[in-house]
Amino acid sequence: MKRLILKIILLLLVVSQSVSFAQSKFMFDADYSLFRYTDSKSVLEVYFDFYQNSFKYVYENNYFVAHAVLGFQLTDADTKTDIINKEFRLDLNTTDTTSSKLKSKEISQVTFFIEADKNYSLVLVGSDNNSPVRRDTQKFSFSVPAFTIYPVKASSIQLSTSIEKSTNKESSFYKFGVEVVPNPNSLYGNTLKSLHYYYELYGFKSFLEGADASLHTFVTGINGDTVLSATDVLKAVNDVMSLNGVINVDTMKSGSYVLNVCASRNGEVVAKTEKKFFVFNTGKTNYTVTDEEGYLKSEFVTYSEQAVDDEFDKTLYLRTAVEKSEFDKLKNVDEKRKYLYKFWKKRDTKPETPRIEARDEFVKRFREANSKFKQSFSEGWRSDRGRIYIIYGPPTEIERHYMEANTKNYEIWTYDNLEGGTMCVFGETVSSEEGSYYLMHSTIKNELYDIDWKEKLRKM
C-alpha cells in the first residue's frame with residue numbers, strides 16, 4: 001500500500017445559519033489545485049462549499065443541528081487502487097432556520113500529499129447526514145506532474161474569493177505570506193466582482209541565468225478571443241515563487257472564460273498554466289437563456305455535442321414537434337447546450353431551487369426503465385412499458401398474470417393518483433413467454449384505449 005500523508009483543513013464561514021428544514025435542493029461545489037511538495041510528491045488541495053439551505057436541521061439541545069458528510073475516494077487510475085476512501089462529518093448549528101437567514105456557505109479544504117507522475121481519479125460525495133438521500137457527487141480525473149526545480153514548472157491556478165497578506169501560519173488557508181480563501185464554484189460577477197487567483201512557479205531563478213523574464217497573463221472567451229491581457233517583468237528571487245493577482249470582472253459579459261498565465265525567458269514560453277471560470281453579470285450577457293447564473297453553474301456548459309444530442313434524443317416522450325424542429329435548426333454546440341438547459345428549465349417543478357428537479361426525476365425514471373424493461377432488440381426506454389414509466393412514473397401497483405390457461409402473459413399497471421385513478425394493460429402479442437410486452441389498453445387520456453383487450457390476449 002502506498003504511503004499517504006493526509007491533512008484535513010476545515011474552515012467554516014458562518015455569516016448566518018438556518019434553513020427552512022431542507023426545502024431546497026442539496027447543493028455542493030468542489031474544485032482542486034496541484035502544487036509542489038518535493039521532487040517525487042505533489043500537494044493535492046481539494047475545496048468544497050456547502051450551501052446552508054441544503055440541509056435538514058433537527059432540533060437538539062436548544063439548537064437546530066445539521067451534519068454535512070464529506071466523502072473522498074482518491075484512486076490510482078492506472079492500477080485501480082484506492083489511495084484513500086473515507087468520510088468526514090462537519091456539524092452545523094443554528095438557532096434560526098428561516099430561509100432569509102441561510103445565505104452563507106460552509107467552505108472546507110482537504111490537503112493530500114500524493115505521488116507525482118501518476119494519473120488519478122477523484123470522486124467527491126457531499127451529503128446530508130440527517131437525510132442521506134440528499135446528496136451530490138463531483139468527479140475529477142487528472143495527471144499529477146513532478147514539480148521539479150528544473151526545468152521550470154507552473155502549479156495549478158487556484159481561484160479565490162480574496163487574497164490578503166497574513167503572518168498567521170496557523171490559518172487554514174495560509175500560503176507564503178498570504179491568506180487564500182478558495183472559490184469552489186469558480187463563479188464571479190454580480191455578487192463577487194473581483195476574481196483573485198494564486199499560483200506558484202518552480203525553478204525559475206536557476207533557469208534565468210541573467211536572461212530577461214516576463215509573465216504574460218491573459219483571459220480568453222469561449223471562442224478563444226482575448227478579452228484581457230497584461231505583460232509584466234518577472235523578478236525571480238527564489239526557485240519557489242508564489243504569485244497572485246486580481247481581475248475585475250464587472251465589465252465582462254456573462255459567459256465562460258479561461259485565465260492563462262505564461263512565463264517566458266528571452267521571449268520563449270517555458271511554463272504555462274490555465275484555469276476555467278464563469279462570469280454572470282446582469283445586463284451583460286451573450287446568452288439567450290433567462291437564468292444566466294443557473295446555466296453557467298449547470299453541467300450543460302461542459303457537455304460535448306454528442307452528449308447534448310444524446311440527451312435531447314432521449315426526451316422523445318416529452319418534447320413537442322416545435323421543440324424538435326427548433327433543435328434541429330441549431331448551428332453549433334453552444335446553442336444546443338443553451339437550448340437543452342431552457343428545455344428542462346421550462347419543465348422545472350421547483351424554480352426557486354438551483355437544481356432542475358424535473359430533469360433529475362426524468363433521469364432517474366429513464367435509468368430504471370432502461371434497466372427493467374429491455375426486450376428482444378429494444379432498449380428498455382424505447383419499449384411501451386418504458387415509455388409509460390418515464391412519462392407517468394412508477395405505478396401504484398402491478399398485477400402480473402403469467403402462465404394462465406388460454407391467455408398470453410400480461411400485466412396491469414394501476415395509477416391511483418393519476419386522473420382520479422387509471423390503468424394500463426401490457427401484454428405479449430405473439431406467444432406466451434416471448435418477453436416482449438406492448439400496450440394493449442389504457443384509461444389514461446390520449447393513450448391507446450381498447451375495450452376488447454382481453455380477447456386479443458386469448459391464445460388461439
For segment 324-460, would you read off the P(r) tail past 18 Å as a percentage of all alpha carbon pairs? 64 percent
Compute the distribution of all C-alpha to C-alpha distances in segment 230-285, in bins of 5 Å from 0, and list the percent of pairs in each, rounded to whole numbers. 4, 13, 22, 20, 15, 11, 9, 5, 1
Whole percent per 10 Å bin, from 0 to the bin with the longest distance: what is P(r) over all C-alpha pairs of segment 242-361? 11, 35, 29, 16, 8, 2, 0
Within the chain, percent of DSSP bridges classed antiparallel, to nearest 5: 95 percent
In segment 357-460, the chymotrypsin sites (Phe, Trp or Tyr not before Pro) that sit in a DSSP loop and have at most 12 other Cβ atoms within 10 Å of their own Cβ are 377, 402, 449
How far is it, in nm, from the label point at residue 142 to the one at residue 446 when both lie 7 Å from their Cα along the line to the Cβ? 4.7 nm
Net charge of neighbours whose Cβ lies under 13 Å from the Cβ of residue 396, counting Lys and Arg as +1 and Asp and Glu as -1: -4
On a 22 Å Cα-Cα criterion, which of the cross-link pairs 314/364; 86/165; 408/445; 297/336; 139/364 come out too long? 86/165; 408/445
Classified through the alpha carbon gyration tensor (a ≥ b ≥ c as square roots of its eigenvalues; rounded if a/c is under 1.5, else prolate when a/b is larger than b/c, else oblate), segment 141-242 comes out oblate
R0 of 56 Å, Cβ-Cβ distance residue 363-residue 206: FRET efficiency to nearest 0.05: 0.60
Relative contact order for segment 367-456: what percent, with Cα pairs under 8 Å and sequence separation of 6 or more? 19 percent
For Cα Rg over 2.2 N^0.38 Å, with candidates (1) 0.97; (2) 1.21; (3) 1.03, the value calculated from the shown model is option (2)
Using Cα pairs under 8 angstrom and six or more residues apart, how large is the relative contact order of segment 145-215, in percent? 42 percent
Taking Cα pairs under 8 Å and at least six residues apart, what relative contact order does the chain come out at, in percent? 10 percent
Enumerate the amide H contacts of residue 440 below 5 Å, restricted to partners 5 or more residues apart or on another chain; note that Pro and chain-start residues carry no placed amide H. 425, 426, 427
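Any read-out appearing in this document is the output of simple, stated calculations on the displayed coordinates, not a laboratory observation. Being a predicted model, the structure only gives us computed values, none of them experimental. In this analysis, Cβ positions are derived from the backbone assuming ideal geometry, glycine residues included, and neighbour counts consider all displayed protein chains.
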